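All remarks here apply to the structure that follows.
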Amino acid sequence: MVEDLETRLDAIYEAVLAYEAGRTAELVRRETEHGTSCQQILADALIAAMDEVGDQFAEGRLFVPEMLMAAKAMKAGLEMLRPLLGASDAKPVGTIMIGTVHKDLHDIGKNLVGMMMEGGGLKVIDLGVDVPPDRFLAAAREHRPDVIGLSALLTTTMPNMRKTVEMLRGVGYNGRILVGGAPVNAAFAEAIGADGFAPDAPGAVKLARKFIGAAEA
Amino acid sequence: MRRPGFAYLDDERVEELRRRAIAMLDRHGVVVNHPEAVAKLGAAGCKLDTDGRRVRIPPELTEQAVRLAPRAVSLCGKDERHDLRLPRGDGTFWMRTGTGAHGYIEPDTGDYRKLRLEDVRTIAALSGALSEVGFVAHPFVNDVPEVTADIHGLGTLLAHSVKHVWIQPYGTENIAYLLRLAALAAGGEAELRARPIASCIVCSFTPLEFKAMDVEAVIQCSRFGVPIHACSLPTAGGTAPVTMPGTVLMATAEILAMVVLAHVLGPGTPVIATPLIFCLDMRSGRSLQSSVEALAGASMAVQVMKRGCGLPTHTYGAGSDTPDIDGQSQAERALIAFLVGLAGADVLGGVGQLECATVFSPVQAVIDNEIGAMARSYLRTPAVDDESLAWGDLLQLDPGGNFLATEHTLRHCRTGFAPAAFTRQARDAYDAGGRRDLLAQARDMLAEILRTYPPQPVVDAPTRAEMQRVVTAADAKIAG
């Protein structure tokens, strides 16, 4: 029996929600052989699944490790598309550059955000941990990201978030800056001149995508 | 005196965790980002990886370090009347105020705001008057240069606390300034060595790594005989296994590694095993200190360190994950105080802290003091003898008689715990008194304490001036 397009895309969607990386990758590979566009696979299966993951997480039905596994499955599917992306009409939703700020070595949250951003269709440039402001600046000049995400776990490194924002703004970086981490809140984000704060990874993805949409408008 | 308690872990499980921690240090090892320390560990018999950071500690060295670690620790106050000894002589515990909070709950309004340097003076004065608080930590101060906030906070605390203080360095370069301040407040380096009025937290960078700052703190503290709180802060499901025994194993291994560090880098330095166990909330990703799993972890870790290794222990014995001084806060901290107290901890930390150790409330600190006093009262197991049984009165008891007017009751009527903040009023009196609940009582008690014991310096003006010069120099050098 030959399955129709909708059924096949649903199967990819369900594979992501079942955290099945291998199956997701295989189904995506097969779908490309059917000639379905990368854009449609991304939008109707992979990103749609991650939107559902984000919603379920927000409702408290999905736990963090489950969200992470779904993001890994999504990424496995995305990897199948990557060789074709350059040749197709599909472009990444946008580019985000992330890192933990200077002197902060705690990267669990940042990594989670990175996974979810990829799951949200963004290209992620991960600068790693303990990133001084000037490295953020140099990387921003090189990669020209739409959004820069700064992470801090320690109260003692939050000031480095402010320094990084100031340095980026000081040289006229006009992309969006998103901040997050356990001690950070919306008031702090506003006080240091960041564009936004999200309390969790799916929230960060939503915000980043909103920013990018706004930037394109 | 032997403390009553409960064996959350039986001896067999305690030994299994101890044995596995020692095996982990041997087979997996730890990463030590301090070349000088790595060289000394190598000379002490550790196996070193070619990367110059990974250190595998042989079981015999760990066993030796644990065996030779001091079994008791003295923490001196600026005022000798506040000297304390761990383990506590009566078999109970001391409490310690919350550290690292960057937020503050205003006592009168209940509003949240950023913590300021003036609050450190309030915390010092309040802690001086709280009977159960043995020593005081400095929070994160927002109205000074960020990179020297520890130096500002400690300087103010040392200048205003009659009790022992807890140093928490924020940077490697800061350590020398912090110890200089402690020496000045103590009256000199020799005086600090003789009477350590400060002790210092040293943390692992979980999993199984040590930053240069913390290793340097071990080295510099050992020069002054300043005790260290060897602190591991694993987060179950994040930096440590999600299953709590695995997280406790992580904490045990990291603390034993710090015992080895102290043994090799500063032999004889007193070490207080300080497991602070967190859980990652799997729904939100937030760190929790008061979940039931974290409580179980703290109980287990304390028992492995104390019963299994014989070390003085320190963990959270107060605190809550809620951001406010609400009902949840009181329930969580009462559970923690009693369970951790029963598990055997020598120091119950976290007095006044909320929102997983990020916020300090002086009103909550007053309540914590009372909860701690209740827990200590509970932990003093009574004798079972003629006097406690009222044996004579019982034998002479008339039918329908009572005990209210006996000599025995008169002798003991004031020995029960008498709460100051908790209310015991009946409805009519409660209504007539304006329905003053625990929080209202605690607020009044705080105001009275600060009226009676307002923040005031405990070191003389020339010393304070010298301490200020150290802070200014640190600002110039570190904060630029």
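Values in this text are rule-based calculations from the coordinates and carry no lab data. The shown structure was predicted, so the numbers you read here are calculated from the model rather than taken from an experiment. Using ideal geometry, Cβ is built from the backbone for each residue, glycine included, and neighbour counts are taken over all protein chains shown.
Among the residues of B:140-147, the average count of other protein chain beta-carbon atoms within 10 Å of the residue beta-carbon is 3. For a test of the definition: using alpha carbon positions, the gyration tensor, and the 1.5 limit on a/c, classify the stretch B:33-190 as rounded, prolate or oblate. Here the stretch B:33-190 falls in the prolate category. Annotation: amide H-H contacts under 5 Å for A:Ile98 (H modelled 1.01 Å from N, sequence separation of 5 or more, or interchain): A:Ile125, A:Asp126, A:Leu127, A:Gly149.
Take chain A, mark every one of the GluC sites (Glu not before Pro) that falls in a DSSP loop and has at most 11 other Cβ within 10 Å, then report the longest stretch left between them, sites excluded. List each step's numbers first, then the result.
On the way: sites that count: A:Glu3, A:Glu59.
Here the longest segment lacking exposed loop sites spans A:60-217.
To the nearest ten degrees, helix A:133-143 and the longest principal axis of the Cα atoms of chain A are 40 degrees apart. Database remark: amide H of B:Tyr316 closer than 5 angstrom to the amide H of B:Ile277, B:Gly349 (H placed geometrically; neighbours at sequence offset of 5 or more, or on other chains; Pro and chain starts carry no H).
Normalised by residue count, the protein assembly as shown yields a Cα convex hull volume of 218 Å³ per residue. In this rough spin-label picture, where each label sits 7 Å from Cα along the Cβ direction, the B:Arg193-B:Val384 distance is 5.1 nm.
Please identify the DSSP H helices in chain B that span no less than 30 Å along the helix axis (Cα) and have a mean Kyte-Doolittle hydropathy of 0.5 or more. Don't jump to the answer; show the numbers that get you there.
Numbers: long enough: B:244-265 (31 Å, 1.79).
Span-like helices, by this rule, are B:244-265.
Write down, largest first, the equivalent ellipsoid semi-axes of the stretch B:138-294 in whole Å, where each equals the square root of 5 times an eigenvalue of the alpha-carbon gyration tensor.
29, 19, 13
Computed from backbone phi with θ = phi - 60° and the Karplus coefficients 6.51, -1.76 and 1.60, the 3J(HN,Hα) list for the stretch A:125-131 is 10, 9, 7, x, 10, 6, 8 Hz; x is used for glycine and proline.
Run the numbers on chain A and let me know its relative contact order in percent, using alpha-carbon pairs under 8 Å that are six or more apart.
Over chain A, the number comes to 18 percent.
Candidate cross-link partners of B:Lys163 among the lysines, defined by an alpha-carbon separation under 22 Å and a same-chain spacing of 8 or more, comprise B:Lys78. Counting only residues at least eight positions apart within a chain, or on another chain, the lysines with an alpha carbon under 20 Å from that of A:Lys103 are A:Lys163, B:Lys211, B:Lys477. Spin-label model, A:Arg82/B:Ala473: points 7 Å from Cα along the beta carbon direction are separated by 5.4 nm. For the stretch B:352-378, backbone nitrogen atoms closer than 13 Å to the point 7 Å from B:Asp444 Cα along Cα-to-C-beta are found at no residue.
Looking at the square roots a ≥ b ≥ c of the eigenvalues of the Cα gyration tensor of the stretch A:105-217, which shape do they give, rounded for a/c under 1.5, prolate if a/b is larger than b/c, or oblate? Please report the intermediate quantities before stating the final value.
Details: a/c = 1.27, a/b = 1.07, b/c = 1.18.
Because its axes are fairly even, with a/c under 1.5, the stretch A:105-217 counts as rounded.
Helical content of chain B, expressed as a calculated mean residue ellipticity at 222 nm, amounts to -13500 deg cm²/dmol (DSSP H runs of 4 or more residues, -39,500 (n - 2.57) each, divided by residue number, nearest 500). What's the center-to-center distance, using Cα atoms, between the stretch B:225-290 and the stretch B:318-388 in Å? Result: 21 Å between the Cα centres. Rg and Dmax over the alpha-carbon atoms of the stretch A:5-85 stand at 11.8, 37 Å. Of the peptides B:253-265, B:277-289, B:52-64, the order by per-residue mean of other Cβ atoms within 10 Å, starting with the highest, comes out as B:253-265, B:277-289, B:52-64. Using the alpha-carbon atoms, what tilt in degrees (0 to 90, nearest 10) does helix A:5-17 show relative to the longest principal axis of chain A? Value to nearest ten degrees: 50.
Within the same chain, lysines fewer than 8 places from A:Lys123 are excluded, and of the rest, those with a Cα less than 16 Å from its Cα are A:Lys72, A:Lys75, A:Lys91, A:Lys110, A:Lys206, A:Lys210. In order along the stretch A:194-205, the phi-based Karplus estimate (6.51 cos²θ - 1.76 cosθ + 1.60, θ = phi - 60°) of 3J(HN,Hα) comes to 6, 8, x, 9, 10, x, 8, 5, x, x, 5, 5 Hz; Gly and Pro are listed as x. Can you bin the stretch B:67-379 into rounded, prolate or oblate? Criterion: square roots of the alpha carbon gyration tensor eigenvalues sorted a ≥ b ≥ c, rounded for a/c under 1.5, prolate for a/b above b/c, oblate for the rest. Rounded. Close amide H pairs (under 5 Å, H built 1.01 Å from N) link B:Val32 with B:Arg54, B:Val55, B:Phe210, residues at least 5 positions away or on another chain.
Neighbours of A:Arg8, meaning other residues whose beta-carbon lies under 9 angstrom from its beta-carbon, give a summed charge of -4 when Lys and Arg score +1 and Asp and Glu score -1.
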